[in-house]
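Novice: The structure's right below; bear with me while I get my questions together.
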């Protein structure tokens with residue numbers, strides 16, 4: 001028996017798309033989203049024509065990369081919620097695993113065009129809100145467990161995480177990733193419930209966040 005040509009074509013198209021997204025993620029993380037499309041096609045092992053058939057312009061590719069990252073974070077968050085019996089452990093896991101989020105934040109910070117894309121896209125906004133809803137659950141549960149300090153909110157954590165990641169700069173991607181993980185560890189330690197410096201004002205909630213900003 002021979003493979004169905006249409007099925008083979010769909011599989012090839014999906015593989016090409018995945019290769020392009022993987023290449024774009026790696027290159028965007030190092031050089032930002034303004035790199036030549038030819039460079040992305042070359043790294044993906046596809047022709048420029050194939051790239052443009054999948055993504056007609058740079059905006060479409062930037063959006064696809066951001067969507068893929070946010071979807072992965074949301075899948076991780078929901079899986080963690082289902083697997084963990086402790087909200088504090090769930091919160092820890094989410095923060096430690098969310099390195100995918102780093103690229104989305106860097107995209108928005110590096111390129112004005114990328115920032116406009118992420119701010120105005122309703123699907124990106126929906127995914128962001130869904131992630132924040134899971135984060136709210138983790139925060140409320142961790143406070144109820146007595147593991148998370150009471151004077152912080154989900155908005156505080158989202159802002160801390162975004163600020164931390166956008167500041168990470170290093171000579172190599174290995175050092176940058178290690179630095180990000182170390183800083184997340186320090187951040188988690190500071191969030192744990194124990195006597196410490198009293199914070200000014202009130203906890204910042206997810207509803208306080210401006211959806212036009214790139215906190216998450």
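Novice: Which residue pairs have Cβ atoms closer than 7 Å, lie 6 or more positions apart in sequence or on different chains, and pair a first residue in segment 197-216 that is over 18 Å from residue 143 (Cα atoms) with a second residue that is modelled with pLDDT of 65 or more and assigned to a loop (DSSP other than H, G, I, E, B)?
Specialist: From segment 197-216, the pairs are 215/209.
Yes/no per residue for (1) surrounded by fewer than 12 Cβ atoms within 10 Å (Cβ to Cβ); (2) at pLDDT 90 or above; (3) under 30 Å from residue 133 (Cβ atoms); (4) within 22 Å of the chain's Cα centre (by Cα):
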position: 21; (1), (2), (3), (4): no, yes, yes, yes
position: 42; (1), (2), (3), (4): no, yes, no, no
position: 50; (1), (2), (3), (4): no, yes, no, no
position: 54; (1), (2), (3), (4): no, yes, no, no
position: 66; (1), (2), (3), (4): no, no, yes, yes
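Novice: Would you call residue 169 surrounded by fewer than 13 Cβ atoms within 10 Å (Cβ to Cβ) and modelled with pLDDT of 80 or more? Show your work before the answer.
Specialist: Values: surrounded by fewer than 13 Cβ atoms within 10 Å (Cβ to Cβ): yes; modelled with pLDDT of 80 or more: no.
No, not satisfied.
Novice: Let me ask something additional. I need the helices (runs of 4 or more DSSP H) fully contained in segment 36-101, keeping only those with at least 1 residues that are outside the structural domain of residue 164 (by TED's automatic domain parsing).
Specialist: Working: elements: 37-44, 48-54, 58-83, 87-97.
Helices (runs of 4 or more DSSP H) meeting the threshold: 37-44, 48-54, 58-83.
Novice: Report whether or not residue 155 is at pLDDT 85 or above and either crowded, with 21+ Cβ neighbours inside 10 Å or part of a helix (DSSP H, G or I) (or both). Let's see the steps before the verdict.
Specialist: Details: at pLDDT 85 or above: yes; either crowded, with 21+ Cβ neighbours inside 10 Å or part of a helix (DSSP H, G or I) (or both): yes.
Yes: the conditions hold for residue 155.
The values are calculated or read from the model by the stated rules, or taken from the named source; none is laboratory data. Quick caveat, the model's predicted, so the values are computed rather than measured. Heads up, the Cβs are rebuilt from the backbone with ideal geometry, glycines too, and the neighbour counts pull from every protein chain shown.
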